[in-house]
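Trainee: This is the structure, below, for whatever I ask next.
Every number here is computed from the coordinates shown, using simple stated rules; none is lab data. Being a predicted model, the structure only gives us computed values, none of them experimental. Please note: Cβ atoms are built from the backbone with ideal geometry, for glycine as well, and neighbour counts cover all protein chains shown.
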Amino acid sequence: MISLKPYNTFGVEAFAERMLELATVEDIVDYCKLAESSRRKFFVLGGGSNLLFVRDFNGDILRITNRDIEVVKIEDDYVDVWVGAGFIWDEFVAWTTEHELWGAELLSGIPGTVGAAPVQNIGAYGAEAADIVVRADTVCLGWWHEGVFLQKLSNSKLSFSYRTSYIKEASHERYIVYGVVFRLSRHIPKDRSNFVRLGLIDADITPELVRNKVLEVRASKLPPLSELGSAGSFFKNPMVDYLNLHRWQTYIEDIPFYPQGADLVKVPAGWIIEHCGWKGYREGQVGVYPKHSLILVNYGGATGLEILDLSLRIAEDVRKKLGVRLKPEVEVV
Ligand SMILES: Cc1cc2nc3c(=O)[nH]c(=O)nc-3n(C[C@H](O)[C@H](O)[C@H](O)COP(=O)(O)OP(=O)(O)OC[C@H]3O[C@@H](n4cnc5c(N)ncnc54)[C@H](O)[C@@H]3O)c2cc1C
């Protein structure tokens, strides 16, 4: 048995039967064929920064360790880069800004691996992985183990939406990402509104400058992983229709919301949780981070079940008080 505590950012204890590091696509295919014939259970683990282990895992934990990075296309306006799934996401962003390429800079500081970025459709400050992913190179196998194939999933096939993708939602197949192609622009985006919202109004901004600003803002708001266990935002921001919004507005004047198309608005889950009185709540070793109500934290020694229990109580309280169902962004394993 192997302890998963060092491999999840919540820092909770759980054990798995084995942990395997797979570096090449051939290693992944061979493993999948073996898993298929022996009906072995497995789970693909990146940096463990969006997971909550609540019990031991009776199977293999796979870690994809390829960290190659290669420029595969150079055009006047853009550059395409293939990056191995095991590359640390933020080190990749640093690489892009060092090369004065645009597209990933607003996603600076997000923990985890490149392989998870298209699975999660990571996002921050108005940008998301969907904006720059050209394709994800995967090994695919049926949930019930019916053959192993290589599949290159294009941006449109990945069907990105808010913090999810085709890979995450697939119900008949499982995909293991071994590399991702990103398209990065050589020019500053025409629409600079995301930069302006960060207070960057200088005409001479560079990707590096944006990255530094994002890292500064994140450091002021998010719990440092070296001191507190967390998995970032625990819940997704809920979408509500205008009817519900107007109902709320009759008794809560200052409710923040962001229109999403003609019918729906996104309401910050952090605001909702704070409004329901949970900001800074602490019980034993688990709590709601005082500077950011969307983040549940492990003050040290908490179990996955204790964190899950707090999240369920918050969600139930919000449902009773506002009629909104909060859905977890964090995956419970
Ligand atoms: C402090 C903090 C701040 C955060 N801020 C943000 C933020 O601003 N925006 C945001 O979007 N997220 C944020 N997150 C969440 C997290 O960083 C992202 O979801 C990240 O993409 C998870 O990457 P990972 O490698 O740790 O994946 P894991 O947590 O290990 O796995 C997540 C999912 O991806 C799957 N997966 C991982 N690698 C592969 C692969 N190679 N092939 C197939 N499936 C795979 C796993 O099976 C699992 O289902 C934050 C987390 C923390 C702790």
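Trainee: Return the loop-located GluC sites (Glu not before Pro) in region 278-327 (DSSP other than H, G, I, E, B) with at most 10 other Cβ atoms within 10 Å of their own Cβ; answer none if there are none.
Mentor: On the way: sites: Glu283, Glu306, Glu316; in loops: none.
Filter output for region 278-327: empty list.
Trainee: Most mobile of Asp30, Asp137, Asp204 per a Gaussian network model of the chain (Cα springs, under 10 Å)?
Mentor: Answer for the Gaussian network model of the chain: Asp204.
Trainee: So how long is each side of region 69-221 along the principal axes, counting just the alpha-carbon atoms, biggest first, in Å?
Mentor: Cα extents, longest axis first: 55, 36, 24 Å.
Trainee: Here's something else I'd like to know. Of Ser220, Ser49, Ser311, which is the most mobile in a GNM of the chain whose springs link Cα atoms less than 10 angstrom apart?
Mentor: Looking only at Ser220, Ser49, Ser311, the biggest GNM fluctuation is shown by Ser220.
Trainee: Could you grab the relative contact order for region 1-151? Cα pairs under 8 Å, six or more apart, rounded to a whole percent. Display every interim value, and only then the final one.
Mentor: Values: 259 pairs, mean separation 29.7, N = 151.
RCO, region 1-151: 20 percent.
Trainee: Taking R0 as 35 Å, what FRET efficiency do you get between Glu146 and Lys73 from their Cβ-Cβ distance, rounded to the nearest 0.05?
Mentor: The formula returns an efficiency of 0.50 here.
Trainee: Taking K and R as +1 and D and E as -1, what net charge do the other residues with C-beta under 12 Å from the C-beta of Val286 add up to?
Mentor: Local net charge: -1.
Trainee: Using the beta-carbon distance between Leu200 and Arg282 and R0 = 30 Å, what value does 1/(1 + (r/R0)^6) give for FRET efficiency, to the nearest 0.05?
Mentor: 0.25
Trainee: Shifting gears a bit: Can you list the lysines whose alpha carbon is less than 20 Å from that of Lys152, not counting same-chain residues fewer than 8 positions off?
Mentor: Lys33, Lys73, Lys168
Trainee: Also: FRET efficiency for Lys327 and Tyr242, Cβ-Cβ distance as r, R0 = 25 Å, nearest 0.05?
Mentor: 0.80
Trainee: Please go through region 157-216 and write out the trypsin sites (Lys or Arg not before Pro) that DSSP classes as loop and that have at most 16 other C-beta atoms within 10 Å.
Mentor: Working: sites: Lys157, Arg163, Lys168, Arg174, Arg183, Arg186, Lys190, Arg192, Arg197, Arg211, Lys213; in loops: Lys157, Arg163, Arg186, Lys190, Arg192.
Passing both the DSSP loop test and the Cβ count: Lys157, Arg186, Lys190, Arg192.
Trainee: Considering the dipole of the chain built from charges on the beta carbon (Lys and Arg +1, Asp and Glu -1) around the Cα centre, which of Ala170, Thr250, Gly280 is farthest to its positive end?
Mentor: The listed residue farthest towards the positive side: Thr250.
Trainee: Grab the DSSP H runs of the chain that are 4 residues or longer, score each as -39,500 (n - 2.57), total them, divide by all residues and round the 222 nm result to the nearest 500 deg cm²/dmol. It would help to have the intermediate numbers written out before the result.
Mentor: Details: 9 runs with 86 residues, N = 333.
Using -39500 (n - 2.57) per qualifying helix, the result is -7500 deg cm²/dmol.
Trainee: Still on this structure: Would you tally the net charge around Gln260, using a Cβ to Cβ cut-off of less than 11 Å, leaving Gln260 out, and scoring K and R as +1, D and E as -1?
Mentor: Values: positive: Lys266; negative: Asp241, Asp263.
Within the 11 Å Cβ shell, the charges total -1.
Trainee: Follow-up question, since we're still on this one. Could you calculate the contour length gain from Lys33 to Glu21, that is, 0.36 nm times the residue separation minus the distance between their Cα atoms, to one decimal place in nm?
Mentor: Net length gain for the segment: 2.7 nm.
Trainee: Now a separate question. Considering the Cα positions of the chain, please state its Rg to one decimal place and its Dmax as a whole number of Å.
Mentor: Spelled out, the Cα radius of gyration and Dmax of the chain are 20.5, 60 Å.
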